[in-house]
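A short worksheet on the structure shown next.
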Amino acid sequence: MRRMFAFAAMTAIVIVFTHIASSTAGLAADVPAPPLKAAPPLSPPWAGFYVGVTAGYGWSHDSFSRTSILPGLPPLTVSDVDSKGGLVGGYAGYNWQYGRVVTGLEIDFTATDISGTSTGSTAGGTTSIVQSFGDRLKYLGSARARLGWTPVDSLLVYGTAGLAWERVDQTTGFVQSVQAGTSGSWQQTAADKFGWVGGIGAEVMLGNQNWIGRLEYLHYGMGNVAQTLSIPPISQTSGSQNIDVIRAGLAYKFGGTQPWTNAYASAAVTAPSALWTGFYIGGHGGYGWGQNPYAVPFSSLIGGGIGILTGESMSGWLAGAQIGYNWQYGSVVTGVEFDLSAADIDGTSSTATVSPGPGSTATGTLEHHVKYLGTIRGRLGWTPLNTVLLYGTAGLAWERLQEKSTEVDVVPAGTTVGEFISLDNHFGWVAGAGVEVMLGSPNWIGRLEYLHYDFGRVGDQAVNTAASQSAGRQTIDTVRAGVSYKFGPQGPATTSAQLYTKAPPAPSLQQWAGFYIGAHGGYGWKKNSFDGFASLIIAPIDGPDSRGFVAGGQAGYNWQYRQVVAGIEIDGSATGIKGTSGPGFIGTIASDVWSDEVKYLGTIRGRLGWTPLNNVLLYGTGGLAWERAHRTEIVTSTVTGGELVTTSRDHFGWAAGAGAEFMLGNSNWIGRIEYLHYDFGQVEPTFTFTSSTPGESSTENGGRQTINVVRAGVSYKFAP
């Protein structure tokens, strides 16, 4: 809780600083304003970039149920973890206003203390057993669209929906008491879960149009966060996890104020140009280093042993792309940016060596390799000179981390080498600072940037009678240089389209600019090219090919520069993409069948297009991608009977594609047809076992998972 309140205090200091900066921005502005022929420049009172702090209370319900049949004891059942607690965090976003309609995009990050535990017990004779399952929500985050209405000028009521993330610590405890004494074990796993969020809220301007208070309710649907399984003597259903939050907030909105009666101007007005305002896209490269100070018993690797593996320092290069938009208010520049980097930041643990027996040794190591880094961030800066921008930045962060465990066993009969490779996605926060410089013109911009990523605990912690395991905390620091192209020339710093106006309609070259929201549907097919259990005695299982419908919604904003259109979009889709593998056989003893079902797909993407005709837009698009998939494994055995396990899995990667949009008559409705390719990389583990004994070597290939989608949609664009 101390970190939570420290975060809130720092954010409040930033808001006060930015209020002071914006109040003096007019004195520091270096860009001359052209002569005005009309009234002073005005913008709708809710339009603008804002940053704020929030605090409140939340409660969670995880509706799983687990029953264990223990020899000589009644069944032991544990179910339904109910959690509650406080929360504090920050948020940033941008509003566009069209008369009394207000639209916007927002990201938020919240630290929480929402926690709870469920306990079950059984007893018989001199034996008693207590088992517990607990959840502790560490963080919540979301990327959301907002759509609202102003019944009076100073009040906004709105609905909001989008993609959601949680970091949850899941704890399992087991205590057994017998006549000889008591023993027990404890394990805690940090898990990142994704789903959707929706809610409603109200905002009110506090005395003027810069300070805004809010009261908000959000409902998070995280789906199945536990396994469903039937493996005698255990039966478990996963249910689903839902989180409800009520919170209050205070935000500072950038932009000038004006009398309420002028909120909806009767004619277009001219405002000073802003050199830094605009949509940009670019590339970057640099160097990163990190720490991951875990302590893992050798016994938790492929084989056995009692040594401890400690880690680890990492370092290496990174390179990628960034996309975003800036809004300028005098000498203050605000913005939203997301980026994706391929990386080769890696490190190796200490080596543990043990002697299991005479003439035998076992040696183990762990290696970690950061493959990708991604962020969604707000930016806040100041221009000491027209062509120089100093800024701070903070937001949500993602990494794709590959873990490789290696064990070498040397015995008198020969040598065996086992390698197990898995890839995991971790989420956390990122913050940093940078400087940008215009390179000869306001369109080309160079940058130098430092970012600090904090992913918290990315491994398990455990205590039992045999050994203990600690996870430490993983952090990454990067320094990177980049260049971006900013589209322009620019218009007013705080303009917004107006739905109710007596001014002439917008020129045709701006008819694609504006906020939009819509729906889509289509068809998708998925390839998961892994193969498992590939050896001389076990027939392989090939990855299932899946296909089915997709349907969902999208929201975004377009900026237009003559025939070039640039934009940012978020979308979410429910899907029926599913398929089943062919069976794998373990001799005549058992068969194994795996099925996949993609439940949801989501993306956050940039778009860049061209208008060959005023009412037709051709575009390319790319960004971050997420899927929620259910994996079901059914084992039929002549020895143990049937077993079933269903696991909910979140995968992350990138999405890219192309599409065409066309205006439907002389209206604000826009049709589209679009193709998207999703690439989630390796989502299955790779296992290689090499033996000097003929016939004992085997390999399981993790393969690569991709999804292709063709979909059609319609959107409503808010604009004159």
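Here LYS717 is the anchor, and the lysines within straight C-alpha reach of less than 28 Å, apart from those fewer than 8 places off in the same chain, are LYS253, LYS486, LYS502.
What is the order of VAL333, VAL593, fewest Cβ neighbours within 10 Å to most? Could you put the intermediate results ahead of the total?
Working: VAL333 26, VAL593 16.
Sorted ascending by nearby Cβ count, the order is VAL593, VAL333.
Evaluated at q = 0.11, 0.13, 0.19 Å⁻¹, a Debye calculation over the C-alpha positions of region 89-205 (equal weights, vacuum) places log10 I(q)/I(0) at -0.57, -0.67, -0.99.
For VAL225, the residues 5 or more places off, or on other chains, whose built amide H falls under 5 Å of its own are GLN241. Dimensions of region 328-402 from C-alpha coordinates, computed as largest minus smallest value along each principal axis and given longest first, are 77, 19, 16 Å. With a cut-off of 12 Å between beta carbons, the residues surrounding PHE338 carry a summed charge of 0, where Lys and Arg count +1 and Asp and Glu -1.
Backbone geometry of region 148-162 corresponds, through the Karplus equation with coefficients 6.51, -1.76 and 1.60 at θ = phi - 60°, to 3J(HN,Hα) couplings of x, 9, 10, x, 10, 4, 9, 10, 10, 10, 8, x, 8, 7, x Hz, x marking Gly and Pro.
Relative contact order of region 274-488: 22 percent, from C-alpha pairs under 8 Å at least 6 residues apart in sequence. Using θ = phi - 60° in the Karplus curve 6.51 cos²θ - 1.76 cosθ + 1.60, the 3J(HN,Hα) couplings for region 96-109 round to 10, 10, 10, x, 9, 8, 10, 10, x, 10, 9, 10, 8, 9 Hz; x is entered for Gly and Pro. Computed log10 I(q)/I(0) for region 274-488 at 0.10, 0.12, 0.14, 0.15 Å⁻¹: -0.54, -0.68, -0.82, -0.90, from the Debye equation with unit scatterers placed on every C-alpha and solvent omitted.
With a simple spin-label model that places each label point 7 Å from the Cα along the Cα-to-Cβ direction, the separation between ILE200 and SER183 comes to 5.6 nm. Sequentially through region 445-459, phi angles give Karplus couplings (6.51, -1.76, 1.60; θ = phi - 60°) of 10, x, 9, 10, 9, 10, 10, 10, 9, 10, 9, x, 7, 10, x Hz, Gly and Pro residues having no value and appearing as x. Pairs over the 24 Å Cα-Cα cut-off, from the set LYS404/LYS578; LYS138/LYS404; LYS193/LYS526; LYS371/LYS404; LYS371/LYS527; LYS527/LYS599: LYS404/LYS578; LYS138/LYS404. Note down the Stokes-Einstein diffusion coefficient of region 361-425 in µm²/s, whole number, using a Kirkwood radius over alpha carbon pairs, 25 °C, and 0.890 mPa s. Approximately 154 µm²/s, per Stokes-Einstein. Relative to the Cα centre, the charge distribution of region 133-230, modelled as +1 at Lys and Arg Cβ and -1 at Asp and Glu Cβ, gives a dipole magnitude of about 120 debye. At q = 0.19, 0.21 Å⁻¹ the log10 of I(q)/I(0) for region 34-137 amounts to -0.98, -1.05, computed by Debye summation with a single uniform scatterer per C-alpha, solvent ignored. The order of LEU147, LEU613, LEU664, going from fewest to most other C-beta atoms within 10 Å of their C-beta, is LEU613, LEU664, LEU147. Using the alpha-carbon positions of region 505-720, Rg (one decimal) and Dmax (whole number) come out as 22.6, 81 Å.
Full extension of the segment from ALA574 to PHE549, taken as 0.36 nm per residue of separation minus the current Cα-Cα distance, would add 8.2 nm. When each of GLU661, GLU597, GLU684 is scored by the number of other beta-carbon atoms lying within 10 Å, the sequence from fewest to most is GLU597, GLU684, GLU661.
Taking each pair of different alpha-carbon atoms in region 640-711 once, compute 1/r for the pair, average those values, and report the inverse of that mean as the Kirkwood hydrodynamic radius in Å to one decimal. Intermediate results must be reported in sequence, preceding the final value.
Numbers: mean 1/r = 0.0585 Å⁻¹.
For region 640-711, the Kirkwood estimate is 17.1 Å.
No lab work stands behind these numbers, since they all come straight from the coordinates. None of the values given here were measured: they were computed from a predicted structure. Please note: Cβ atoms are built from the backbone with ideal geometry, for glycine as well, and neighbour counts cover all protein chains shown.
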